[in-house]
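Just so you know, all these numbers are worked out from the coordinates, no wet-lab data involved. None of the values given here were measured: they were computed from a predicted structure. Every residue, glycine as well, gets a Cβ built from its backbone with ideal geometry; the counts of neighbours run over all protein chains shown.
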Amino acid sequence: MGLRDMLRAIREYPAARAELETARSELWQAQQALEQSELEQGSLRLTLEEQKDYTKFLSSKAEALQAALEEFCPRLSTPDELKRFYDAISPDMDPSGFTLYRMAKELTGIDVPSCFPYEDNRGLFEEMSGHSLLDWLTAVHFQAVDWDIIPGTTYEAATLREVDTSTPEYQAFEKQLYEKVLGRMGFQDLLEPDRDGPARTPGHPPPQPKRGDTR
């Protein structure tokens with residue numbers, strides 16, 4: 001090696017040394033990241049196994065509670081019993097009441113917004129809970145709706161009347177509705193078997209026609 005080459009090597013040595021140190025540092029960081037990843041993977045694997053065990057425990061607990069209910073709880077048969085049972089479990093299983101409303105919609109074929117276009121166009125039903133929607137559906141089903149012309153327009157607004165809940169027709173509707181809801185929630189084994197076959201809602205005149213838009 002000549003003097004010139006030696007001088008060049010001396011000048012380039014610091015940069016090469018720095019590059020080597022950088023490579024070593026990056027390698028160390030990569031090793032640390034790999035070790036951390038392996039630790040996290042092991043922790044996640046442990047968490048997953050714990051979650052599986054806990055899920056299995058909850059499933060067994062639910063089955064045990066269901067068996068206890070079937071053993072000690074009398075079969076639900078009256079509208080009042082069915083409703084009380086639903087009210088007891090709904091805060092956890094149907095807090096907004098949308099399962100109840102959907103079952104009523106399936107039972108009657110009534111879609112609330114389409115029956116009240118004026119109110120629907122004003123966004124009345126957008127933030128409404130399932131329990132409130134059920135009030136409107138029930139009013140339509142039992143024809144407890146008054147229609148009033150809005151002054152200065154050709155639009156009609158709806159006013160709900162109180163539904164008579166003491167009639168046999170309403171009692172039959174409520175019984176079938178809550179049986180359907182509790183069955184959907186997995187409590188069909190707590191329902192009193194129907195000796196006369198599937199329940200049917202007593203016949204009603206067709207629901208009031210769609211109103212509230214321009215005539």
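With R₀ set to 30 Å, the beta-carbon distance separating D80 from N121 gives a calculated FRET efficiency near 0.20. Counting beta carbons within 10 Å around each of V112, V140 and listing the fewest first gives the order V140, V112. Beyond 32 Å in Cα-Cα separation lie the following of the pairs K52/K83; K61/K83; K61/K175: K52/K83.
Listed by Cβ neighbour count within 10 Å, with the fewest neighbours leading, L76, L177 appear as L76, L177. Remark: the L34-S114 segment gains 22.9 nm on full extension, using 0.36 nm per residue and subtracting the alpha carbon distance. Model label points for E26 and S43, set 7 angstrom from Cα along the Cα-to-Cβ axis, are 2.8 nm apart.
Exposure proxy for H131, H141: other Cβ atoms within 10 Å of each Cβ, ordered fewest to most, give H131, H141.
Spacing of the modelled spin labels on T153 and E169, each 7 Å from Cα toward Cβ, amounts to 3.0 nm. Placing +1 on each Lys and Arg Cβ and -1 on each Asp and Glu Cβ, with no other charges, gives segment 74-190 a dipole about its Cα centre of roughly 340 debye.
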